[in-house]
């Protein structure tokens, strides 16, 4: 008798997540059963903690990409290719799955044109500090057809096979790149108005915030270069927009500092302009929160992050000149 193929494979990826990984598996154990059953696969990217033992404790099939340069894309490819399930639910090891999301997402994906379904990801403790508070709002997106999804998503196996899966040469931005190929094949990505996961960024220091934004900038530049000749170009506009905003912000800061010594009205005008930009960004994002303090802090974040994102773009260009392959850009 042949082995039954489960309807859903839950693929968890992680690296040194520790207790966060245990919490993730506990949430998977509590999810609502799906028709046809499910299996759990954990792909570890070179952890030095007890992640492998934790995964085994929850009955997960444990895999390792076996690469000296581990990436999330390699781990996800290893996971979904090791299963025959028609649906793959990808989760990061630092998330908590909402128990109803798999069933809700499967019901929403009845149309064969849907390649991926994702819901709302929020931070576990947004009140912990400035970083958690503003980055929690960063996760929010309006429901409907979207250009891409994030690392947590339900994906159709046939769409993954048709597109070839994730590009495992990328160290960031692998989900938008895959979704661009989905769209080239005529698929759509659906964002549903349903809770999906809680996330634990665990960012408590400026350096972590900086490195995470650098990773975003690196992915911007890498993806813009990679897809510049494609029918669907990714992040070309975002890369250019970031460069102009970062340079303008640096010029404003320089004006404020130099003006405080040379001509104080110039410094005052620069401060007023920055305050105006922050308020404008907060106002445009008012659909994300009803808390004015959170919105103002988000306005600050939306501008401050442009500098480390730009630094990440510069890192990519330097690596390109040096013909250097970059590994993971970690911030935890």
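Read-outs: derived from the displayed coordinates by stated rules, not from any lab. Source: prediction; values computed, not measured. A quick note on method: Cβ atoms are made from the backbone with ideal geometry, for glycine too, and the neighbour counts reach across all protein chains shown.
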Fill in the blank from the handout: Per the helix-only model, the chain has a calculated mean residue ellipticity at 222 nm (DSSP H runs of ≥4, -39500 (n - 2.57) each, divided over all residues, rounded to the nearest 500) of -15000 deg cm²/dmol
Problem - Most fluctuating residue given options 173, 270, 165, as computed from a GNM of the chain linking Cα atoms under 10 Å - result: 270
Practice task
Report the label-to-label distance for residue 5 and residue 161 in nanometres (one decimal), using points 7 Å from each Cα along the Cα→Cβ vector.
Solution key: 0.6
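For the chain, compute Rh as the Kirkwood radius over C-alpha pairs and then the Stokes-Einstein diffusion coefficient at 4 °C and 1.567 mPa s; write the answer in µm²/s, rounded to an integer.
Estimated diffusion coefficient is 61 µm²/s.
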Problem - segment 83-137 - Debye-derived log10 I(q)/I(0), Cα point model, q = 0.13, 0.18, 0.20 Å⁻¹ - result: -0.46, -0.74, -0.84
Handout entry: Cα-only radius of gyration and Dmax that characterise segment 165-257, units Å
Key = 16.6, 52
Practice task
Report the convex hull volume per residue for segment 8-204, counting only C-alpha atoms, in Å³.
Solution key: 112
Fill in the blank from the handout: Relative contact order as a percentage, segment 8-204, C-alpha pairs under 8 Å and 6+ apart, gives 26
Completion exercise
Helix 19-29: inclination vs the chain longest Cα principal axis, degrees, rounded to 10, gives 50
Exercise for the section: Using label points projected 7 Å from each Cα along Cα→Cβ, tell me how many nm separate residue 48 and residue 254, to one decimal. Expected result: 4.0
Exercise for the section: Starting from the Cα gyration tensor of segment 165-210, take the square roots of the eigenvalues, sort them a ≥ b ≥ c, and report rounded, prolate or oblate (rounded when a/c is under 1.5, otherwise prolate if a/b is larger than b/c, else oblate). Expected result: oblate
Exercise for the section: Could you pull out which residues in segment 222-240 have an amide N less than 19 Å from a spot 7 Å beyond the Cα of residue 169, following the Cα-Cβ vector? Expected result: 222-236
Handout entry: Label-point separation in nm, residue 326 to residue 206, each point 7 Å along Cα→Cβ
Key = 2.2
Completion exercise
Rounded to the nearest 0.05, FRET efficiency between residue 274 and residue 61 (Cβ-Cβ, R0 41 Å) equals 0.20
Handout entry: the chain, relative contact order [Cα under 8 Å, separation at least 6], %
Key = 17
Problem - Added length on full extension, which subtracts the Cα-Cα distance from 0.36 nm per residue, residue 69 to residue 232 - result: 55.9 nm
Exercise for the section: Would you please calculate the Kirkwood hydrodynamic radius of segment 233-332 over all C-alpha pairs and express it in Å, rounded to one decimal? Expected result: 15.7
Completion exercise
Measuring from the longest principal axis of the C-alpha atoms of the chain, the long axis of helix 174-184 (C-alpha) lies at a number of degrees, nearest 10, equal to 70
Exercise for the section: Return the percentage of antiparallel bridges among DSSP beta bridges fully within the chain, rounded to the nearest 5 %. Expected result: 35
Practice task
With a Förster radius of 25 Å, plug the Cβ-Cβ distance of residue 129 and residue 19 into 1/(1 + (r/R0)^6) and report the FRET value to the nearest 0.05.
Solution key: 0.85
Exercise for the section: Just need the relative contact order of segment 164-257 here, percent rounded to a whole number, with Cα pairs under 8 Å and 6+ apart. Expected result: 26
Practice task
Report, for segment 8-204, the % of DSSP beta bridges that are antiparallel, rounded to 5.
Solution key: 35
Exercise for the section: Compare 274, 40, 28 in a GNM of the chain, Cα atoms joined below 10 Å, and give the one with the largest fluctuation. Expected result: 274
Handout entry: Nearest 10 degrees, 0 to 90: helix 236-259 Cα axis against the chain principal axis
Key = 30
